[in-house]
1. Scan region 193-208 and tell me whether some residue there is surrounded by 14 or more Cβ atoms within 10 Å (Cβ to Cβ), in contact with a strand residue (DSSP E or B) (Cβ under 6 Å, 6 or more places away or on another chain), part of a loop (DSSP other than H, G, I, E, B) and at pLDDT 95 or above.
2. Which residue is farthest from residue 59 (Cα to Cα), if the candidates are limited to region 300-342 and must be crowded, with 17+ Cβ neighbours inside 10 Å and at pLDDT below 70?
3. If we scan region 122-131, do we find a residue that is at pLDDT 95 or above, part of a helix (DSSP H, G or I) and surrounded by 17 or more Cβ atoms within 10 Å (Cβ to Cβ)?
4. Residue check: is residue 233 at pLDDT 95 or above, over 17 Å from residue 119 (Cβ atoms) and under 16 Å from the mean Cα position of the chain (by Cα)?
5. Among the residues of region 351-400, which ones are surrounded by fewer than 24 Cβ atoms within 10 Å (Cβ to Cβ), out of contact with any helix residue (DSSP H, G or I) (no Cβ under 9 Å at 6 or more places or on another chain) and not in a strand (DSSP E or B)?
6. Please go through region 49-74 and pick out each residue that is in contact with a helix residue (DSSP H, G or I) (Cβ under 9 Å, 6 or more places away or on another chain) and assigned to a loop (DSSP other than H, G, I, E, B).
7. Of the residues in region 178-192, how many are more than 29 Å from the chain's Cα centre (by Cα) and either surrounded by fewer than 13 Cβ atoms within 10 Å (Cβ to Cβ) or more than 13 Å from residue 133 (Cα to Cα) (or both)?
8. Residues in region 100-117 that are more than 15 Å from residue 154 (Cα to Cα) and loosely packed, with under 15 Cβ neighbours inside 10 Å: how many?
């Protein structure tokens, strides 16, 4: 009798349990949204980093292209600048190899990097237009750099072992030889639009000053209103970022856009709410990571993504972001250094929720052909750092940081 009661109770539990279970929320689909642009700042066309971990360079140069457009008041889109990403990548690899060897290999030797790397490269080596240096010397139309990255890492690992017990003065020339073979030698001079330039003189002709830019972040493990180097592997140059309270950090982004300045954005795209079709929403679920292109690494293949709800009006709830849970996400490795993109405006959806316009570097992927809509909550929680023109800082924040703007 007791046994029958136990069986009946177990059967009842199995019957009732599904009634109380809930499915995890699914990411809304971009096509179900109606976005209205509030502010849009000119940007250059979308590019495709494809199978290379060079988002830091694509996004940074897109940002600087918009800075040139603003500085020169360029209205004709056919006159927009088009900078060579691989010129910067080539020089970055060279500098990184030198530091890797000096640190006896205690440095990440890979394609990933940070925004400060781009600025340091340009300060040291100048810049080139895409027409003068494509960096595509290995037989593909788009970057495919798995082999190159593996060869470069193997080379410097061999050098670090110091088999001669004294490094030769030519090891770096051998490293540069690999770069020349894969990306092509960097031109010391080139002709562009009827003028003759060096990389240094070309950059000077653009009319922007790299000292006008500042990196900002918002974390509590360092004092506010002071700079520190964010502790992530890709920040191998140890670029400092000024630390602001979260509300002031967001005020910088909003003030920049309101005054016609774009923002260089770096942060986490490994969330399920960061979808392949152009949305970045702060859903409380984890993203699936797959191999292949940089896009597939963070948002998965088309067939890997779950079907979204078919409602005409998307229904979703975002996490309420605070300074505390933002810090907790960073400390617990839930907000990681994944990707760099270019923020260039604001919009609202059909319910009045605020979004930022984002230019990506995954080609014309998604519902919006290479552009994303990032919710305000996602930006607050998942941004690791931004870079902006100092002129985009609100006056009170300039004063708090002790920054004088010309």
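1. no
2. Only one residue tops the list, namely 308.
3. Residues of region 122-131 that are at pLDDT 95 or above, as a first pass: 122-131.
With the extra rule that they be part of a helix (DSSP H, G or I), the set shrinks to 122-125.
Filter once more, so that each one left must be surrounded by 17 or more Cβ atoms within 10 Å (Cβ to Cβ): 122, 125.
Yes, region 122-131 has at least one match.
4. Values: at pLDDT 95 or above: yes; over 17 Å from residue 119 (Cβ atoms): yes; under 16 Å from the mean Cα position of the chain (by Cα): yes.
So residue 233 fits the description; yes.
5. 351, 352, 364, 369, 370, 377, 395, 399 - these are the residues of region 351-400 that are surrounded by fewer than 24 Cβ atoms within 10 Å (Cβ to Cβ), out of contact with any helix residue (DSSP H, G or I) (no Cβ under 9 Å at 6 or more places or on another chain) and not in a strand (DSSP E or B).
6. Scanning region 49-74 gives 49, 50, 52, 53, 54, 74.
7. 3
8. So in region 100-117, the residues more than 15 Å from residue 154 (Cα to Cα) come out as 102-103, 112-117.
This time we only want the ones that are loosely packed, with under 15 Cβ neighbours inside 10 Å, so: 102-103.
Adding up the residues that qualify gives 2.
The values are calculated or read from the model by the stated rules, or taken from the named source; none is laboratory data. The structure presented is a predicted model; accordingly, all values stated were derived computationally and were not measured. Cβ: placed from backbone, ideal geometry, glycine included. Neighbour counts: every protein chain shown.
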